[in-house]
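A short worksheet on the structure shown next.
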Amino acid sequence: MTQYASAAISRRLAAVHSAAEQLPLFPDEDEPDTMSGFSVRQSGRAKRLSIKVYPRGKVEVVVPKRARAADVRAFVEDHKEWIRNAREKFAALHAPEPFALPKTIRLDGIQSCFSVRYVPVADAKGVNYRTQSDEVVLTGRVDDEKLCVAALKRWLISLAKNRYLPLLRSLSASTGNNFKKMHVRGQRTCWGSHSSSGTISLNYCLMFLDAEHLRYVMIHELCHARHMNHSRRFWSLVGQFEPDYKTLDKDLNESWKKIPTWVGIY
């Protein structure tokens, strides 16, 4: 679970992203827009090109810093059949879910539920959010789904920061495991991480799970303050504060199903 420039590099990465936008994976007319094409993620730790297919069909190409757009294009072309087969296997296990902007957002991890209201504003260039009690109000170009999703993600990050930090501090005090900073992100590959500098990063998608799993992930990451590995000593320490850690940890492998399609992470 804890698996987890220069101007020239920026230009190369922009070229790679451009190639991704120009090269759809499948030309099938009946394929939903959310399933066509692929995204590109540059990784400083990547030594070679790799492809990830997520349960709902999203395809991500992970590239080293010096990857060339032409190489990415050729790599995806060479693996199109493998990608198609991976998508079909996921589709057989999980029925495709159509994209739709939410009218309500249920966040069991923090025991909250919010309604969402969309207010168009003439000549607006973007979408802003504000909260009113248990309502999230989006204003601006609300006819643009991408802008709405981006605004909702900004809201989720802000909300998670406010709700996570008091709980993390409380668990830090009760377990005796310290941290220096907390970041909230929308990681696609992990629920949380703990850096050697003492920074804990938590996924805002944990709010879509239940409070028990959110608490477990926090305990898990706090225990990395003493053991930056998954050794027996680490798991023994986790078990002191969460006896049911094995079940909770196993559950996380399938917990992506609780995250709405519109979030676009899985």
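The values are calculated or read from the model by the stated rules, or taken from the named source; none is laboratory data. The shown structure was predicted, so the numbers you read here are calculated from the model rather than taken from an experiment. All Cβ positions, glycine included, derive from the backbone under ideal geometry; neighbour counts span all protein chains shown. For accessibility, only protein heavy atoms count, side chains too; no ligands or nucleic acids. Shrake-Rupley method; radii C 1.70, N 1.55, O 1.52, S 1.80 Å.
Can you say whether A160 is part of a helix (DSSP H, G or I) and either farther than 23 Å from I259 by Cβ or open to solvent by less than 80 Å² (accessible area, probe 1.4 Å) (or both), as far as the supplied structure shows? I'd like the intermediate steps shown before the answer.
Values: part of a helix (DSSP H, G or I): yes; either farther than 23 Å from I259 by Cβ or open to solvent by less than 80 Å² (accessible area, probe 1.4 Å) (or both): yes.
The answer is yes for A160.
Need pairs with beta-carbon distance below 8 Å; first residue farther than 17 Å from L107 by Cβ and within the range 123-141, second in a loop (DSSP other than H, G, I, E, B) and among the β-branched types (V, I, T); sequence gap 6+ or separate chains.
Cβ pairs passing all conditions: V127/V142; T139/V121; G140/V121; R141/V121.
Quick one: which residue in L165, L147 is out of contact with any helix residue (DSSP H, G or I) (no Cβ under 8 Å at 6 or more places or on another chain), part of a helix (DSSP H, G or I) and under 13 Å from V184 (Cβ atoms)? Even if it seems obvious, please write down each step before you answer.
Details: L147 fails: under 13 Å from V184 (Cβ atoms).
That would be L165, the only listed residue that is out of contact with any helix residue (DSSP H, G or I) (no Cβ under 8 Å at 6 or more places or on another chain), part of a helix (DSSP H, G or I) and under 13 Å from V184 (Cβ atoms).
Any residue in the range 78-91 that's within 17 Å of E254 (Cα to Cα) and modelled with pLDDT under 80: show its pairings with residues that are part of a helix (DSSP H, G or I) and not hydroxyl-bearing (S, T, Y) at Cβ separation under 8 Å, as long as the two are six or more apart or on different chains.
Matching pairs, first to second residue: R87/M35.
Kindly list, by first and then second residue, each pair from a residue in the range 92-108 that is at pLDDT below 75 to a residue that is surrounded by fewer than 15 Cβ atoms within 10 Å (Cβ to Cβ), limited to pairs with Cβ atoms under 8 Å and residues at least 6 apart or on different chains.
These pairs meet every condition: H94/K257; P96/P32.
Any residue at all in the range 191-200 that is open to solvent by 50 Å² or more (accessible area, probe 1.4 Å) and in a loop (DSSP other than H, G, I, E, B)?
Let us first name the residues in the range 191-200 that are open to solvent by 50 Å² or more (accessible area, probe 1.4 Å), namely 196-197.
Now restrict to residues that are in a loop (DSSP other than H, G, I, E, B): 196-197.
Yes, that holds for at least one residue.
Here is a check on your reading of the model: is R163 more than 17 Å from G264 (Cβ to Cβ) and of a type in the set (K, R)?
Details: more than 17 Å from G264 (Cβ to Cβ): yes; of a type in the set (K, R): yes.
The answer is yes for R163.
Please work out which residue is nearest to P98 (Cα to Cα), limiting yourself to the range 225-266 and to residues that are part of a loop (DSSP other than H, G, I, E, B), within 22 Å of the chain's Cα centre (by Cα) and not small (G, A, S). Break it down into steps so the answer makes sense when it comes.
At the first step, the residues of the range 225-266 found to be part of a loop (DSSP other than H, G, I, E, B) are 225-231, 242-244, 252-254, 259-260, 264-266.
If we keep only those that are within 22 Å of the chain's Cα centre (by Cα) too, we end up with 252-254, 259-260, 264-266.
Now restrict to residues that are not small (G, A, S): 252-254, 259-260, 265-266.
Values: L252: 23, N253: 22, E254: 19, I259: 13, P260: 10, I265: 14, Y266: 13 Å.
That would be P260.
Taking the range 168-190 as the search range and keeping residues that are touching a Phe, Trp or Tyr at 6+ places or on another chain (Cβ under 9 Å), in a loop (DSSP other than H, G, I, E, B) and open to solvent by 50 Å² or more (accessible area, probe 1.4 Å), which one is modelled with the highest pLDDT?
R188
With respect to D210, is the statement that it is under 25 Å from S115 (Cα atoms), touching a Pro at 6+ places or on another chain (Cβ under 8 Å), open to solvent by 30 Å² or more (accessible area, probe 1.4 Å) and not β-branched (V, I, T) true?
Details: under 25 Å from S115 (Cα atoms): yes; touching a Pro at 6+ places or on another chain (Cβ under 8 Å): no; open to solvent by 30 Å² or more (accessible area, probe 1.4 Å): yes; not β-branched (V, I, T): yes.
No, not satisfied.
Which residues, counting only those in the range 117-148, are among the β-branched types (V, I, T) and either closer than 23 Å to G198 by Cα or surrounded by fewer than 18 Cβ atoms within 10 Å (Cβ to Cβ) (or both)? Don't jump to the end; show me each part of the working.
Filtering the range 117-148 down to residues among the β-branched types (V, I, T) leaves 119, 121, 127, 131, 136-137, 139, 142.
Those that are among the β-branched types (V, I, T) and either closer than 23 Å to G198 by Cα or surrounded by fewer than 18 Cβ atoms within 10 Å (Cβ to Cβ) (or both): V119, V121, T131, V137, T139.
Each row is one residue, and each column tells you yes or no for (1) polar (S, T, N, Q); (2) surrounded by fewer than 16 Cβ atoms within 10 Å (Cβ to Cβ).
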{"residue": "V61", "(1), (2)": "no, no"}
{"residue": "A92", "(1), (2)": "no, yes"}
{"residue": "T104", "(1), (2)": "yes, yes"}
{"residue": "Q111", "(1), (2)": "yes, yes"}
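Assess whether V142 counts as being on the phi < 0 side of the Ramachandran plot, in a strand (DSSP E or B) and over 20 Å from the mean Cα position of the chain (by Cα).
On the way: on the phi < 0 side of the Ramachandran plot: yes; in a strand (DSSP E or B): no; over 20 Å from the mean Cα position of the chain (by Cα): yes.
When the stated conditions are applied, V142 does not pass them.
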